[in-house]
Amino acid sequence: MSKDPVATSKFLSLVLRHKPETIGLALDANGWVNLEELVRQANECGYGLTIKDIFDAVASSDKQRFALDPSGQRIRANQGHSVKVDLALAALQPPTLLYHGTATRFLTSIRHAGLLKQARHHVHLSLDAGTAARVGSRHGQPVVLIVRAEQMSHSGHLFYRSQNGVWLTDHVPPTFIEFP
Ligand code: HQG
């Protein structure tokens, strides 16, 4: 019987973003793992999984969290890593404004320090306020901050866009944030 794609997606997020070692895997420098090896290691560790389960989870991920390489033999997470990987993203000119959803309880700290990447590789920014509000609601009472991305870029800050359309940057100083 096939696995629930959401459960597989959570398992893949754990292994491909945060803790590949839980099933004895290592990501390569760019975050890729071989699909067959992933299935073999998962099964060896008691997490019954088939290649089809993985394809189902990749296809049904609402945010395209995972990518298969063109050969179809390797998989990686598109973003969100806490382990060190180089996604080899090219710096891009951002739109004028981007949005960051957070929780009201973080506002005091963000006013002082700006947006920090915390455990992730980058600060994650959304193209629209609605998406940002949903991201923020994962942490508590949501609040959407407007980031003056174009101005930041003119001041030398670099921006990247992950394969699934999330905008990424290293740090957003408070001067570039519009608070509600
Ligand atoms: C907050 C999900 C205090 C920041 C989403 C956020 C996203 C500060 C939290 C992706 C701070 C970190 C990323 C400061 C930032 N003081 N708090 N100075 N600076 N923060 O989960 O952006 O489902 O690491 O506002 O859709 O919430 O994983 O980042 O609230 O795209 O695919 O620290 O995760 O995608 O939380 O979410 P996170 P995020 P997936």
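The values are calculated or read from the model by the stated rules, or taken from the named source; none is laboratory data. Keep in mind the model is a prediction, meaning the values are calculated, not measured. Don't worry about glycine lacking a Cβ; one is built from the backbone with ideal geometry, like all the others, and counts go over all protein chains shown.
Name the pairs whose Cβ atoms lie under 6 Å apart, with the first residue in the stretch 123-146 and farther than 14 Å from Val166 by Cα and in the same structural domain as Arg111 (by TED's automatic domain parsing), the second within 8 Å of the ligand (Cβ to nearest atom) and among the aromatic types (Phe, Trp, Tyr), and 6 or more positions between them or separate chains?
Listed by first residue and then by second, the contacts come to nothing, as the list is empty.
Which of the residues spanning the stretch 123-142 are hydroxyl-bearing (Ser, Thr, Tyr) and within 8 Å of the ligand (Cβ to nearest atom)?
The answer is Ser126, Thr131.
Which pairs turn up if I take residues in the stretch 1-25 that are assigned by TED's automatic domain parsing to the domain that holds Gln64 and part of a loop (DSSP other than H, G, I, E, B) and look for partners that are surrounded by 18 or more Cβ atoms within 10 Å (Cβ to Cβ) and of a type in the set (Val, Ile, Thr) with beta carbon separation below 6 Å, at least 6 apart in sequence or on another chain?
Final answer for the pair search is Leu25/Val33.
Output the residues belonging to the stretch 59-72 that are within 15 Å of the ligand (Cβ to nearest atom), touching a residue at least 24 places away in the same chain (Cβ under 8 Å) and not aromatic (Phe, Trp, Tyr).
Ser60, Ser61, Lys63, Gln64, Arg65, Ala67
Under the condition of being more than 19 Å from the chain's Cα centre (by Cα) and not small (Gly, Ala, Ser), which residue from the stretch 143-163 is farthest from the ligand (Cβ to nearest atom)?
The residue in question is His154.
Take the stretch 4-32 and flag every residue that is surrounded by fewer than 19 Cβ atoms within 10 Å (Cβ to Cβ), within 16 Å of the ligand (Cβ to nearest atom) and of a type in the set (Ser, Thr, Tyr).
Listed by number, the list holds a single entry, Ser13.
Out of the stretch 73-122, which residues are within 12 Å of the ligand (Cβ to nearest atom), under 19 Å from Pro180 (Cβ atoms) and hydroxyl-bearing (Ser, Thr, Tyr)?
Tyr99, Thr102, Thr104, Thr108, Ser109
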